[in-house]
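Worksheet: one structure, shown below.
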Amino acid sequence: MKEYSPKRHDIAQLKFLCESLFDESMATLTDSQHGWFNDPTSENNLQLNDLIEHIASFTMNYKIKHAEDEALITQIDDYLDDTFMLFTNYGIDTQDLNRCQRSSRRLFNLFTEECVYLQ
């Protein structure tokens, strides 16, 4: 994030990163009869962790630059926490997956509201 980039640009970058995390994380799940199997030590999950760290770093810079966006920042933090917790377990049940998906929906709704507000 550049120091003087416009807010709409910063939000677009955050939105892209969070959507990428969601898409990549859902693609790593392997379906089974009793829920989903996940390997936290796989290369894909290690890349997810790197992406989570990158988004967290980007969010910290956004927080410094746009401290007034507390609701968006809090929801990004919640989404990152839920995603990290989901993908550090070997077994993922429906309840855990639903929590992460609800968190992502709330975040993406906030992104939509922010984009409409900035236009």
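Throughout, read-outs are computed from the coordinates displayed, never taken from laboratory work. What you see is a predicted model, and the numbers here were worked out from it, not measured in a lab. When we count neighbours, we look across all protein chains shown, and the Cβ atoms used for this are built from the backbone with ideal geometry, even at glycine.
A few points about this structure:
- The candidate values were (i) 14.9; (ii) 16.7; (iii) 17.1; the one computed from these coordinates for Kirkwood radius over Cα pairs in Å carries the label (i).
- Percentage relative contact order, the chain, counting C-alpha pairs under 8 Å, at least six apart: 33
- Between Asn98 and Ser57, the modelled label-to-label distance comes to 3.7 nm, taking each label 7 Å out from Cα in the direction of the beta carbon.
- Theoretical gain in end-to-end length, Ser42 to Tyr90 [0.36 nm per residue, Cα-Cα removed]: 16.2 nm
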